[in-house]
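The values are calculated or read from the model by the stated rules, or taken from the named source; none is laboratory data. What you see is a predicted model; the values in this text were computed from it and never measured. Ideal geometry is used to build each Cβ from the backbone, glycine not excepted, and the neighbour counts take in all protein chains shown. The protein model used for the area step is the full one, side chains on, heavy atoms only, and it has no ligands, DNA or RNA in it. Shrake-Rupley method; radii C 1.70, N 1.55, O 1.52, S 1.80 Å.
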Amino acid sequence: TSMAYRTLTTADRGAVRTITVNRPDKLNALNRETIGELTLAFRQAASDDAVRVVVLTGAGEKAFVAGADISEMTAWSPVKAQAASRAGQELMLTVERLGKPVVAKIQGYALGGGMELAMACHLRVASDKARFGQPEIGLGLIPGFGGTQRLTRLTGRGAALELCLLGQQIDAARAERLGLVTRVVAADELDASVDAMADQLAAAAPLALKGILEAVIEGGECAIDQGLAFETQGFAIAFSTDDMREGTGAFLERRKPAFKGT
Ligand code: COA
């Protein structure tokens with residue numbers, strides 16, 4: 001892709017864009033620059049019609065993202081902390097509301113801001129070596145990039161309170177039982193598993209994917225009447241597409257649909 005980043009790399013494979021946080025010597029910790037660049041990279045992916053799916057991962061074997069960069073925090077005033085929390089939350093909202101599916105590929109530590117980033121993605125595929133946690137309590141802090149809210153929505157209040165109050169790490173198997181990850185695979189199968197999932201999403205009808213994302217994520221935050229209105233809107237918009245005619249026609253003709261994104 002055209003843009004050059006200092007803390008990220010991006011690569012396209014067909015309609016799948018992979019964004020990789022690239023600070024492996026700091027376990028891909030999210031400093032201010034990384035948060036800014038990720039926000040830009042996701043906005044760019046949103047506006048590029050050639051991109052249908054985004055895969056988000058971290059460089060190296062050890063970590064997806066080991067949290068917000070603790071070394072930056074020590075000098076923060078409360079006002080600075082407020083701005084930093086808002087910037088992190090804004091990134092997470094940009095990911096969550098991208099309008100295209102985002103798959104987190106989690107090979108190692110997803111802690112603190114890293115777990116919050118993973119939770120903003122729509123699907124999470126983890127290696128059996130991945131580790132999760134909200135360790136902020138150990139720093140005398142609380143999660144600041146949406147963790148208290150998204151963890152509660154994903155796992156319920158019980159597990160959210162357990163993980164945030166105790167700050168312990170959990171393994172991939174427990175994360176799967178909690179509904180925190182979509183799928184756990186052997187470490188050497190992670191790339192192939194994510195590629196297959198991304199290819200399936202890239203071949204699907206993009207406006208239908210978008211309708212599902214909006215109805216579940218934005219509609220899911222409303223009372224049911226408004227949520228149902230989101231659903232009806234997405235359902236109706238699908239009827240404006242060639243892909244809907246292709247999908248239903250292919251079913252009736254007993255053949256595989258070929259969606260074009262129109
Ligand atoms: N912020 C800043 N730097 C971080 C970091 C973070 N969140 N997580 C890791 N790093 C840095 C380490 O300081 C170290 O840098 P150095 O080599 O310049 O000293 C490097 O990444 C490697 O980490 P290290 O701690 O040596 O690896 P480890 O295998 O011993 O431990 C972890 C791995 C993930 C358990 C440990 O790094 C950790 O606890 N990180 C912080 C997790 C956290 O609290 N995140 C929430 C932040 S709000």
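Structure notes:
- Within region 60-72, the set of residues being more than 7 Å from the ligand (Cβ to nearest atom), free of Cβ contacts under 8 Å to residues at least 60 places away in the same chain and either farther than 11 Å from Asn22 by Cβ or open to solvent by less than 20 Å² (accessible area, probe 1.4 Å) (or both) comprises Glu61, Val65, Glu72.
- Of the listed requirements (1) open to solvent by 10 Å² or more (accessible area, probe 1.4 Å); (2) in contact with a helix residue (DSSP H, G or I) (Cβ under 8 Å, 6 or more places away or on another chain), Met92 misses just one: (1).
- Those residues of region 81-100 which are in a helix (DSSP H, G or I) and more than 15 Å from the ligand (Cβ to nearest atom), in sequence order: Gln82, Ala83, Arg86, Glu90, Leu93, Thr94, Val95, Glu96
- Only one of the numbered conditions (1) in a helix (DSSP H, G or I); (2) on the phi > 0 side of the Ramachandran plot is not met by Asn28, and that is (1).
- Contacts under 6 angstrom Cβ, first residue in region 121-146 being closer than 20 Å to Ile35 by Cβ and of a type in the set (Val, Ile, Thr), partner near the ligand (Cβ under 8 Å from one of its atoms) and assigned to a loop (DSSP other than H, G, I, E, B), 6 or more apart: none
- The set of residues from region 139-162 being assigned to a helix (DSSP H, G or I), open to solvent by less than 70 Å² (accessible area, probe 1.4 Å) and within 12 Å of the ligand (Cβ to nearest atom) comprises just one member, Gly147.
- Residues located in region 1-56, provided they are within 16 Å of the ligand (Cβ to nearest atom) and not hydrophobic (A, V, I, L, M, F, W, C): Thr7, Asn22, Arg23, Pro24, Asp25, Lys26, Asn28, Asn31, Arg32, Glu33, Thr34
- Filter result (touching a helix residue (DSSP H, G or I) at 6+ places or on another chain (Cβ under 8 Å), in a helix (DSSP H, G or I) and surrounded by 20 or more Cβ atoms within 10 Å (Cβ to Cβ)) within region 163-184: Leu163
- Filtered by the rule that a residue be closer than 20 Å to Ile19 by Cβ and among the hydrophobic types (A, V, I, L, M, F, W, C), region 161-203 gives Val181, Leu190, Ala192, Val194, Ala196, Met197, Ala198, Leu201, Ala202.
- Where Arg86 falls short, out of the listed (1) open to solvent by 60 Å² or more (accessible area, probe 1.4 Å); (2) touching a helix residue (DSSP H, G or I) at 6+ places or on another chain (Cβ under 8 Å); (3) of a type in the set (Lys, Arg): (2)
- Among the conditions (1) more than 16 Å from the ligand (Cβ to nearest atom); (2) open to solvent by 50 Å² or more (accessible area, probe 1.4 Å), Arg131 misses just one, which is (1).
- Out of Thr10, Thr20, sole residue that is modelled with pLDDT of 95 or more, under 15 Å from the mean Cα position of the chain (by Cα), outside any loop (DSSP other than H, G, I, E, B) and surrounded by fewer than 24 Cβ atoms within 10 Å (Cβ to Cβ): Thr20
- Any hit, region 210-221, residues being hydrophobic (A, V, I, L, M, F, W, C), in contact (Cβ under 8 Å) with a residue 24 or more places away in the chain and not in a helix (DSSP H, G or I): no
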